[in-house]
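Taking it in order: structure first as structure tokens, then the write-up.
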Amino acid sequence: IYDGMMSAFQRDRHLIPPGQLAEVRFEDLEADPVGEVARIYRELDLPDFDQTRPAVVAYAASKRTYKKNRYALTEAEVARIDQEWSAHLERYAYRRAS
């Protein structure tokens, strides 16, 4: 499903008007949530981030102790992901696992 969704998105992304799409890497959001939300506001030309900032700061602070789930994948699973998602991994500069 992911491959089909991402392929359709790449095929049709030119239909999204300029200024209507802001892409976010999870790692960037995780590392600097307030900075990333500020960037999104700028990129989409949204008003009043200064008013929104306290809520974003508070929310980010409330999630600081959150622990992500960890999954152990077999070598076969990693190889399958690398194979099936290779175009997307490369497009978004994600390191391939294998």
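For this structure, a couple of remarks:
- Flag if GLU30 is surrounded by 11 or more Cβ atoms within 10 Å (Cβ to Cβ) and over 19 Å from the mean Cα position of the chain (by Cα): no
So that you can scan it fast, the table gives a plain yes or no per residue for (1) charged (D, E, K, R); (2) open to solvent by 60 Å² or more (accessible area, probe 1.4 Å):
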site	(1), (2)
ALA38	no, no
ASP48	yes, yes
LEU73	no, yes
GLU90	yes, yes
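- Total residues in the range 60-71, condition more than 18 Å from the chain's Cα centre (by Cα) and surrounded by 10 or more Cβ atoms within 10 Å (Cβ to Cβ): 1
- If the condition is being more than 9 Å from PRO33 (Cβ to Cβ) and not small (Gly, Ala, Ser), then the range 54-73 contributes PRO54, ARG64, THR65, TYR66, LYS67, LYS68, ASN69, ARG70, TYR71, LEU73.
- Restricting the range 1-24 to residues that are over 17 Å from GLU43 (Cα atoms) and open to solvent by 100 Å² or more (accessible area, probe 1.4 Å), the residue that is modelled with the lowest pLDDT: ILE1
- One residue stands out in the range 50-59 among those that are of a type outside the set (D, E, K, R) and open to solvent by 90 Å² or more (accessible area, probe 1.4 Å): the one that is farthest from GLN20 (Cα to Cα), namely TYR59.
- Number of positions in the range 1-22 that are part of a helix (DSSP H, G or I) and not small (Gly, Ala, Ser): 11
The values are calculated or read from the model by the stated rules, or taken from the named source; none is laboratory data. Since we're looking at a predicted model, the values are computed, not measured. Cβ: placed from backbone, ideal geometry, glycine included. Neighbour counts: every protein chain shown. The protein model used for the area step is the full one, side chains on, heavy atoms only, and it has no ligands, DNA or RNA in it. Shrake-Rupley method; radii C 1.70, N 1.55, O 1.52, S 1.80 Å.
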